[in-house]
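Asker: The following block contains the structure, expressed as structure tokens.
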Amino acid sequence: MIRHHPDDALLLAHAAGTLGAGHRLLLEVHLEGCPHCQQRMGRLDALGGVLLESLAPAELAPDALERTLAAIDAPTAPQLQAAQGAKPDLPTAWPQAMAACSVSAWHWMGPGMYWNRVALPGAADANVFMLRIGAGRMLPRHTHSQSELTQVLYGAFDDGRSTFAAGDFDETDAGVRHQPVTNADGECICLASVEGKVLFEGWLARTMGALIGM
């Protein structure tokens, strides 16, 4: 059962198309597996349609048709995935929302801890990565300069605020200082999008975070 969901502000920003590419991907991965948030998103989309109908007509840009046709002719997600090669193995199914992403191999970052980089088509500035943390391991204590979204893909962790299990979604910012610890009975794999920086405590953790791009 999914217990942690994105708040209304994030879903509204997604519906309005104002989220950055990395945060948008995290929302789409969560929505893919969460019927509750799919219903919420449907209501917000319907509300947005009503609001659009109340607006005065606007003139389209001169190249609007050309861009629309180009989008229709663009490669599909499976075609992009085939062109980019296979993704690293996971103990669970890959989210369909990530089909067009390219994902690097797992890189060692400490005993029982690995990370990889997720590249989004057309969004070179998106800071998205995955963490694969072994059973009972903990990340260094940290906070955030701006916003970090986390979607749990497999396993579970607890950071003192709550337990986040597969399917759960978390948003943290400068007001949250925490130290995620994975459950003792198995590894945890998370997808994360960071806007700003993860601010680790301790020089070793800060150095590692800088090397990873966190």
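Asker: Sort out for me the Cα centre separation of the range 1-47 from the range 136-214, rounded to whole Å.
Answerer: 20
Asker: Starting from the amide H of His107, placed 1.01 Å from N in the peptide plane, find each other amide H under 5 Å away whose residue is 5 or more places distant or on another chain.
Answerer: Answer set, sorted by chain and number: Trp115, Asn116.
Asker: Continuing with this model, one more query. Could you go through the range 170-175 in sequence order and give the Karplus-derived ³J(HN,Hα) for each residue, using 6.51 cos²θ - 1.76 cosθ + 1.60 with θ = phi - 60°, rounded to whole Hz, and x for Gly and Pro?
Answerer: 9, 10, 10, 8, 5, x
Asker: A further question follows. For Ser102, enumerate residues with amide H under 5 Å from its amide H, sequence gap 5+ or separate chain, H modeled in the peptide plane.
Answerer: For Ser102, whose amide H was placed from the backbone, the distant partners under 5 Å are Ala119.
Asker: Considering only Trp106, Ala123, Asn183, whose Cα is most displaced toward the positive end of the charge dipole of the range 106-206, charges sitting on Cβ of Lys, Arg (+1) and Asp, Glu (-1)?
Answerer: Ranked along the dipole, the leading option is Trp106.
Taken together, the values in this text are just the output of simple stated rules run on the coordinates, not laboratory data. From a predicted model like this one, the values you see are computed outputs, not experimental measurements. Methodologically, a virtual Cβ is constructed for each residue, glycine included, from the backbone with ideal geometry; neighbour enumeration extends over all protein chains shown.
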